[in-house]
Each structure stands twice: as structure tokens, then as C-alpha cells.
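Step one of this worksheet: look at the structure below.
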Amino acid sequence: MNSKTTVFCLGIALLSLISTQENLAQTSQSKPNVLFLFADDQRADALGVSGNPYIQTPNLDQLASEGSRFANAYVMGGNHGAVCAASRAMLLSGKSLFHVYDKLQGERTMPMDFAQAGYSTFGTGKWHNEKTAFEASFQQAKNVYLGGMADHYSVALRDYDENGKLGEPTHKGYSTEVFAQGAIDFINSHAKAGSDKPFFAYVAFTAPHDPYSPEAGYISHYPDGSLPLPGNYKPYHPFEFDNLMVRDELLTDWPRKPEVIQMILSDYYALVTHLDSQIGKIIQALKDNNLYENTIIVYAADNGLAAGSHGLLGKQSLYEHSTNVPMIIKGPGVPKNETFDAMVYLYDLYPTLSELAGLPKPNQVDGKSLAPILKGKEKEVRNSLFTAYRYTVRAVRTAEWKLIRYPERDYFQLFNLKNDPLELNNLAENKEYSGTKEELITLLKDWQKNADDTAAFTTKVIKPLEYDPATLSRQPDRWQPDYTLNRYFGNMEK
């Protein structure tokens, strides 16, 4: 072979090698990134795009316009007052409330699947499950908070050490901002590294969970008294069904004073609006690094919140305000500016993201992929939905009706959600709807059996519905900063 032939052959080989590398890179880069943004205690109607004219969430509204929103997304419930622990365990394992409880140790998690598929995985923010489960799930980490409650101004944050373990806690700033910055730093470093690997980033905020202490620049963003009371505001819950002094309920006195509920809403909405601003910065980091178009972005929350509805403050009930959550998905394979009414669970997101990203179908999950709905192939993945709180409340809903059962009180509530979305008119004792009630009772019992829920439909000892609100008293917990102590607890000692 002469020298010219040799050079020509080497050139062909080199071009072939370059072409192969480019094709491999294009194949790898064509896999979508996944950015999962998770809020804490945000009710579904605390979004402008949900039809709320009072709250300002421009970045999330824009995200919804560029993607799809599920109006009937739910947390399945909780097995104790910290509903968020069970919710996060269900989300990350894809399993139902009765198959995962609130622990992730030893469970297969969504980020594990993405790592196995060649993704770089990153986590920041709240982790309300075991430390070892976090370390087993994520390859990279920054500004991780291990716990449930936290003072937004003083969050104990951990980074990975040189051994890939979460180190000792430090304090860096306001929770929403440090979690957002952790995500931005990861996005920038991922882009700078020039890796062909797609990424899976999980960003779990602690807002708008109380303490109701907005970042200083957002205090009075919504002036006190400027926001209307919830349409289902009540000074007391009309009957006792569980511990009415569970932690969330101690944030203001009984009766719930209208002006104090309005104060709570002012702080709550300010927390959400500040969160929205930080999400805008994360999205801008994607755009600055040319990653936005090829990134599936999910925005959701772990559970809702009463915030004065039905005389309650927390999430320890099965009313819509406590179980219905925001869910937005944007990115490749997702239609734009669509709202779906299908009844879905948070834990459906595991198989959904797997399918959208082209991963193998997870076979250990209870969730159902929503990809067929997004692709216009199906209208729904289930025709009814079941929720549960401890052993004290059970509920089932269809497109139109909702039945809530209180086993310890042998009591029902029946609501027509189409005509009564605020759940104010209990039709359970109305003979006109006795047939509907019986159908829903059968459906509820079927759900309990199929979900492996062993709670009694009626307990052996029936407790009274009546209670005396005058006997309820409260004290602040150790996470309340001076702002909320002064604003909601007055001169009470911490």
C-alpha cells in the first residue's frame, strides 16, 4: 500500500470514527433531562393557572402554558400527621400508601432507575426519609435537609463529602433560595463539564410549609386583609374526627378568626410567590445552558393544606384542599397548554417519567403511566380514586361524587363535587341520593380490599362527633422564628 493510499484510508477511518462518536453523542443527548420541582404543603388552587386571581405565580403559569396540567392530581394520604413523609415515599418508590408506609430504606427509587439508564442524578432540598436511602438514590448532592419541619431562615444543610456521603450540617441562608441555588449550580456545572449524559435533578423545597415566615423581601407582598377568606372558611370544624390538636392545627386559636386566617393566607401566598421567583431562576439556568427544550420539567407538591378551610389549618383530612395537589409536566412528548381532568396520584409520576424518557417500564410500582393521556391515546388511567388518613378517615371519589367515611364515628359525608366543589353540602342523609351513597360505599370497600387497606370500615367502639373547642389549647413549637412568634403567638412563651 503506497503512502497516498495509507493517508486516504486513515482519513476515511478517522471520519468514520468522528461520525460514530457524533452519532453516539446525538443519541445520548436526545434523551431528555428530567428536572423534578417539588413544593411542600401547596394546595392545588394556590396557583394562578388554576384560576386563582389573587396569587402571583407567573413562572409556574408560563410552565403550564408550555406543558400540561393535571387538575385532579392527589396524594393518596398519610399514616400519621406528617403526611409529607408518606407522600414522598410513595412518589419516589411508585408504591401506594399501603405498600411503602413512609420509609424508603431498601426500596427501589425513581432516581435509581435513571442512574441505571445512564443519567447523572442530583438531589437537593428536603428529604423526609432515611439518610442512607438518599445516598443510595443520588450520585450528586448539595444543600440537602434531612427532616420535616424547619425554620426557613435556619435550615441544616448537608453536601456530599469525598466518599459520597452526606456530611455535617451547616447553615447557608433562606431555604427556598439555597435549594434553588443548589439546583442552578448543578445545572451550570453539568453543562460546563460537557457531559453527554442526561441528568435527573430532584429539587424538594420546604415552602410553602409553615412556619409562615416569608423571605424578608416578600413580607407584606400581600398586605394583611387584602385576600378573601376561603369559600369554605369555618371558625371550627363541625365535628371531631381525629386529633384536632395535631401540630398544624396549633398555629392559631379557636375559633379561627377571619383576620388571622387572612394573615396566614398573606404569608402563605408570599411563600408561594417567592418560590415561583426562584423556580424562574432555575428555568433561566436551563435556558442559558441550552438545556430547556430537551428537559422534562415536573412541578408538583406533596400534599395540600386547609389554611382556614372547614375550620382546619393543616393537611390531616381528606377534603379536597388537603389531598388535591398541583401537577404540571412540560417537555418533549408533552402537549402544550393542556389541562387534563383524569384522576391521578402523585406516585403515577414514577412510571410516567420512565416512559417519557424511554426507560424500561418499572415492574415494582403501583402507579400508572400518564404518558397515554399526554399522547392523546387515553382519557384516564382509573375511573375512581381512593384516599386515606391514619385509620380514622377513608374517602373515594368519582368524576362527580365523593364519599368520606369516618370509621370511629360511624359517619359519612357525601358531596357532589361538580355542584359543590367546596364540599359544603353534605348529602349523606338525603334519601334522594341513597342509591349513590350505597354505590360509593361498595366502591370504597372494594378499594380498601384491592389496596390492602386493613382498617376497619366501622370500629367496635364508636366515639362522639361532638367536642368542646374551649378545651383546645396551643403552644408554639421549636421551629417558629421570631416573625411567626410575634405575629401568631403574641406573648406566649416558646
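Quick notes on this structure:
- Extension gain for K460-Y433 works out to 7.0 nm (0.36 nm per residue, less the C-alpha to C-alpha distance).
- Counting only Cα atoms, the size of the stretch 106-252 along its three principal axes is 55, 37, 30 Å, in decreasing order.
- Distance between the pseudo-spin-label points of L424 and K197 (7 Å out from Cα toward the beta carbon): 5.4 nm.
- Lysines with Cα under 17 Å of K445, excluding same-chain neighbours fewer than 8 positions away: K402, K437
- Once the Cα atoms are used to define both axes, helix 83-93 deviates from the longest principal axis of the chain by about 30 degrees.
- Counted over all Cα-Cα pairs of the stretch 284-429, pairs farther apart than 21 Å make up 53 percent.
- Student exercise, the chain dipole from Lys, Arg, Asp, Glu Cβ charges, in Debye to nearest 20: 980
- From least to most packed, judged by other beta carbons within 10 angstrom and beginning with the fewest, Y406, Y218 follow the order Y218, Y406.
- Computed E for Y467/T170 - FRET, C-beta separation, R0 60 angstrom, nearest 0.05: 0.85
- Of the two radii for the stretch 393-463, the radius of gyration is 0.97 times the Kirkwood radius, both from the alpha carbons; that is the Rg over Rh value.
- Exceedance of the 23 Å cut-off in Cα-Cα distance is limited, within the set K126/K257; K126/K449; K31/K287; K330/K379; K131/K192, to K126/K257; K126/K449; K131/K192.
- 35 Å tail of the calculated P(r), the chain, as % of Cα pairs: 34
- The residue among A180, Y212, T252 whose Cα reaches farthest toward the positive pole of the charge dipole of the stretch 115-274, with charges on the beta-carbon of Lys, Arg, Asp and Glu, is A180.
- Summarising the overall dimensions of the stretch 176-279 from its C-alpha atoms, the Rg and Dmax are 18.9, 60 angstrom.
- Across the stretch 163-225, the fraction of Cα-Cα pairs farther apart than 17 Å, rounded to a whole number, is 60%.
- Extending 7 Å from Cα along the Cβ direction at K131 and again at H80 yields two label points whose distance is 1.9 nm.
- Counting neighbouring beta carbons within 10 Å and listing from fewest to most, the residues H171, H152 come out as H171, H152.
- Sorting M263, M90, M245, M76 by the number of Cβ atoms found within 10 Å of their own Cβ, with the fewest placed first, yields M245, M263, M76, M90.
- Compared with the direct C-alpha span, the chain from I219 to Y54 gains 57.8 nm at full extension, assuming 0.36 nm per residue.
- Taking amide H atoms as placed 1.01 Å from N in the peptide plane, the amide H of A141 lies under 5 Å from those of G123, Y160, each 5 or more residues away in sequence or on another chain.
- Computed over the stretch 20-169, Cα set: Rg, Dmax in Å: 17.7, 55
- The aspartates and glutamates within cross-link reach of K95, meaning a Cα-to-Cα straight distance under 15 Å and a gap of 8 or more places when in the same chain, are E107, D113, D302, D348, D366, D452, D453.
- Inter-label distance, nm, simple model (7 Å from Cα along the C-beta direction), N294/K377: 2.4
- Within the chain, DSSP assigns beta bridges of which about 45% are antiparallel (rounded to the nearest 5).
- Cα Rg, Dmax (largest Cα-Cα span) when computed across the stretch 42-98, Å: 13.9, 37
- Cα gyration tensor, the stretch 426-483 - rounded (a/c under 1.5), prolate or oblate: prolate
- Student exercise, the stretch 393-463 dipole from Lys, Arg, Asp, Glu Cβ charges, in Debye to nearest 20: 180
- A DSSP coil position with no more than 11 other Cβ atoms inside 10 Å describes the following trypsin sites (Lys or Arg not before Pro) in the stretch 356-415: K377, K379.
FYI, it's all coordinate maths here, none of it is from the lab. Being a predicted model, the structure only gives us computed values, none of them experimental. Please note: Cβ atoms are built from the backbone with ideal geometry, for glycine as well, and neighbour counts cover all protein chains shown.
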